[in-house]
Amino acid sequence: MHDADGMNRFDGLRLRACTLLLALMGLALSACTSLPQAQREPSRSVMDTDRTMLGGVSQRAHSSAGLAMQDPRSMVHLLPGGQDAFLARSTLAGLSERTLDAQYYIWHNDDTGQVLLAQLLRAADRGVRVRLLLDDIHTADLEPVLAGLDAHPSIEVRLYNPFAHRSMRALDYVTDLSRVNRRMHNKAFIADGQAAIVGGRNIGNEYFAATSEVAFGDLDAIVQGPVVRQLAEQFDLYWNSASAWPAASLLPAAPDAALATLRTLARGLTTRDSVRVYMDALRDSEMARDLVAGRLAFEPALATLVYDDPAKTLGKDGGSATRLLDRLMPMVADTREEMLLVSPYFVPRDSGTALLTSAQARGVRTTVLTNSMASNDVGAVHAGYSRQREALLAGGVTLWEVKPTPGARPPAQSAGKGSSNVSLHAKTFVFDRRKLFVGSFNLDPRSAQINTELGMLFESPPLAARVAQGVLEGLPQAAWQVQRDPASGRITWVDEAQAGRRYDTEPETGFLRRLGVGLLRLLPIDAML
């Protein structure tokens, strides 16, 4: 299995190799293909929604915490479990009365993806304005559905940084790589301008513990209060940007019966065995009822939204001053005692390694949790990370790598029963157990320089301490600690859950896998990872 969230990291290399001959044969034709002209009608978030049901939910949450609605703090509830993360989105969609805005890198056309699309359709049928903004990289199998939804008078779909070659997208990697290599990795779900969900999850079975094949360790947050307005402004900025194209300008027109067909399919979802089994598993959850009743445990926190300017997609964002990474750098510089970094794709390069080892040198206990070779779906990413492993260890940084085995689930995740593989997907950073970052940002060059990203910084000692403690306590069971063997000086992997058993090679990997990653280490591709 693979994590589709990382597919475009290596797609450029793989697809260019696979389609080079075809591209050269059709170069004259493909060179003439360009994106169509499109009329973009600007629209803005609706924020006068205090009297909606979700406005009442927000008021009850603030009241239960002893906060006035004018308090600058926002209310935060973390969603480490995949099923609760699905329920939270489903509940917000069901309670919405005025607007629903959804912004995602991936929206799979599987059980959970179809159920949530059906929720958007039902919301639109009752008069809710729905705006759906999807990065175009994984929309090919959704095109008929998106065209049908876009035909609804209350739904508008836009595709971010779309491919010009709709039926043969691989050609764009040859003819327009510098543009299509840049993707919108942001993830946001906003209901009535009152409540929102941000974090690491895309939309799909593997993110919501609805599959037995793979389980992703991930983390989202439900937020209410002032930060929701910041998130709505971010959505508007992307929605109205030059890189967001109306779906109607790119996709074939939906047939007249498209909406009726979608409604029929939506009604039939509950009769599908896989959907019914999943929904039955959710039936005992009290999270949705507690959210509606205002009983869900929210933590007050000063919350700040951090995100890249969409001009980054066009290479016109003015440099680092407007990039998310540079909003995080002061957090690293201000950390005095402890720094915990959870990043599934971790490619620090020389500059990042120097930053982390210098923090360790000034007395900051620096711990990194990332995927192992066995749990990482992109070998090139592991190659980029492994080049820095010895320098990180020599500088005193503590490294842990996630086990892929079902009995060792990563911290901050809830796996589906019977999962055959585990992979880390959460992007979470804790600074001095006082500040917490949750979002889409990986510690790698792609997040820093190529893709657009989004996340939230929460200033809340109770919240940050709880996350740090939960992750650190789960590490011995969920991950191998990477160390230097005191006798040989070589890198070893220690399994504390197995009485300190040591591995001299990358655990749970075969020779060919290690050989392939070793060859990738020789290639100068770190900047694309």
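The values are calculated or read from the model by the stated rules, or taken from the named source; none is laboratory data. No experiment lies behind these values; they were computed from the predicted model shown. Here the Cβ is made from the backbone with ideal geometry for all residues, glycine too, and neighbour counts use every protein chain on show. What goes into the accessible areas is simple: the full protein's heavy atoms, side chains included, and nothing from ligands, DNA or RNA. Shrake-Rupley method; radii C 1.70, N 1.55, O 1.52, S 1.80 Å.
Might you work out the accessible area of residue 471 for me, using a 1.4 Å probe with all protein chains in place, and round it to the nearest 10 Å²?
10 Å²
Heads up, I need the accessible area for residue 316: 1.4 angstrom probe, whole protein in place, Å², nearest 10.
Rounded to the nearest 10, the figure is 150 Å².
Hey, if you put +1 on the Cβ of every Lys and Arg and -1 on every Asp and Glu Cβ in the chain, which of 436, 292, 108 ends up farthest toward the positive end of that dipole?
436
Counting only GluC sites (Glu not before Pro) that are in a DSSP loop and have at most 13 other C-beta atoms within 10 Å, tell me the longest site-free stretch of the chain.
1-212
I want to check a number: in the chain, how many lysine pairs have alpha carbons closer than 27 Å, given a sequence separation of 8 or more or different chains?
The result is 13.
Relative contact order (percent) for the chain, with alpha-carbon contacts under 8 angstrom and 6 or more residues of separation?
So the answer I get is 18 percent.
Assign one of three labels to the chain, namely rounded, prolate or oblate, based on the Cα gyration tensor with a ≥ b ≥ c the square roots of its eigenvalues; rounded applies when a/c is under 1.5, prolate when it is not and a/b is larger than b/c, and oblate otherwise. Intermediate results must be reported in sequence, preceding the final value.
Values: a/c = 1.56, a/b = 1.19, b/c = 1.31.
Oblate.
Taking the range 483-529, which trypsin sites (Lys or Arg not before Pro) meet the DSSP loop condition and have no more than 13 other C-beta atoms within 10 Å?
490
What list of ³J(HN,Hα) values in whole Hz, one per residue of the range 170-177 in order, does the Karplus curve 6.51 cos²θ - 1.76 cosθ + 1.60 (θ = phi - 60°) give from phi, with Gly and Pro shown as x?
4, 4, 5, 5, 8, 8, 8, 4
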